[in-house]
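**Q** Pasting a structure here, questions to come.
The numbers here are math on the coordinates, done by the rules we state, and not lab data. Here the structure is a predicted model, which means the values were calculated and not measured. No Cβ is skipped: glycine too gets one built from the backbone with ideal geometry, and neighbour counts run over all protein chains shown.
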Amino acid sequence: MAFFSIFSGRPAYEVFGPYGGIATTLVLPDGFDKEKDKCPLAVLMHGFMSKKEMYPLPAIARALAKAGIASIRFDFDAHGKSEGKFIDMTISSEIADARAVLDYARKLPFVSEVALVGHSQGGVVAGMLAGELEDQPERPKCVVLLAPAAVLKDDAIAGQCMRSRYDASNPPEYVSVFFHKLGRRFILEAQKLPLYETSCQYTGKVCIIQGRKDKIVPVSYAERYHQSYKNSELTIFEDDNHFLNGNKARLLDTVVRFLKDNLA
């Protein structure tokens, strides 16, 4: 977790990624005694240009706490209160951030099993990290992907991000995206990202949730994830968007039920 230094006013980080300190928030189950009890934990990951205090992560954390599941959510590098520059951010750097938080969480003495939960770009990171860890002791018990933004690869190949356009064959040093500088390294890496190939190495249970009315990530990307995995379930909310806020109770119930069933 990040605590603020009395002298500098800056967070005193406990977790570090490639670009510095990672701000984290740990939420324990209601009435939990971390000195005596043990419980499962979910690592929660936000999306592109978001942060750990934005929906749906805090809502998921609260719902999990009521169900006896701890969570740790964090800001990726250059987001929220974490260190780093946005222009340096890549999917690889975010995977490294997530790995650092996962390693930290696994060392907490009260943690039994661990799951990964990612929204949007955080879903891409969660999926790829799980695939990379398939044969490792740190392998997560299960994974939840919320509107995973695999479209980012096709967008990079097409030379577009949100409303910004660029020459995909020769990207500039950075592309301005809503006052952020998306770096050339992000674009070049995204164009060649072995996204599904890496993610599908994971053989544990995967829950994929997607809104049919998502205008940022078409539902076909969630369907391809589902087809790629050996052990996944796909839930499509017909009237929901990319942020899955059309029926928050339904989202929370789906995530909590899956994790309760698979983190025992």
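**Q** Estimate the FRET efficiency between Arg250 and Lys38 by the formula 1/(1 + (r/R0)^6), using the beta-carbon distance for r and 30 Å for R0, to the nearest 0.05.
**A** Values: r = 30 Å, r/R0 = 0.99.
That pair, Arg250 with Lys38, gives E of 0.50.
**Q** Hey, could you get me the Stokes-Einstein D for region 158-264, Kirkwood radius over alpha-carbon pairs, 20 °C and 1.002 mPa s, rounded to whole µm² s⁻¹?
**A** On the way: Rh = 16.2 Å.
D = 133 µm²/s.
**Q** A further question follows. What does the charge dipole of the chain about its Cα centre add up to, to the nearest 20 debye, if the Cβ of each Lys and Arg holds +1 and the Cβ of each Asp and Glu holds -1? Can you show the working numbers first?
**A** Values: 33 positive and 32 negative charges, 78 e Å.
About 380 debye.
**Q** Using a 10 Å cut-off on Cβ atoms, rank the peptides 58-71, 28-41 from the highest mean neighbour count down. Write down the numbers at each step before the final one.
**A** On the way: 58-71: 20.1, 28-41: 15.0.
Ranking the peptides 58-71, 28-41 by packing returns 58-71, 28-41.
**Q** Now for a different question. Between Met162 and Thr203, take the C-beta separation as r, use R0 = 35 Å, and let me know the FRET efficiency to the nearest 0.05.
**A** Values: r = 34 Å, r/R0 = 0.98.
E(calc), rounded to 0.05, equals 0.55.
**Q** Quote the Stokes-Einstein diffusion coefficient, in whole µm² s⁻¹, for region 87-242, based on the Kirkwood radius over alpha carbon pairs, a temperature of 37 °C and a viscosity of 0.692 mPa s.
**A** Values: Rh = 16.2 Å.
Stokes-Einstein gives a translational diffusion coefficient of 203 µm²/s.
**Q** If you line up the Cα atoms of region 158-200 on their principal axes, what length do they span on each, largest first, in Å?
**A** Reported extents, whole Å, longest axis first: 34, 20, 16.
**Q** Shifting gears a bit: Tell me which trypsin sites (Lys or Arg not before Pro) from region 215-248 have a DSSP coil assignment and no more than 16 other beta carbons within 10 Å of their own.
**A** Numbers: sites: Lys215, Arg224, Lys230, Lys248; in loops: Lys215, Lys230.
When the trypsin sites (Lys or Arg not before Pro) of region 215-248 are filtered for loop state and at most 16 Cβ neighbours within 10 Å, Lys215, Lys230 remain.
**Q** List the residues whose amide H sits under 5 Å from the amide H of Gly21, counting only those 5 or more places along or on another chain, with H placed 1.01 Å from N in the peptide plane.
**A** When sequence neighbours closer than 5 places are left aside, the close amide H contacts are Glu83.
**Q** Could you give the alpha-carbon Rg of region 86-161 over 2.2 N^0.38 Å, rounded to two decimals? Present the calculation step by step, with values, prior to reporting the outcome.
**A** Values: Rg = 13.6 Å, N = 76, 2.2 N^0.38 = 11.4 Å.
The value comes to 1.19.
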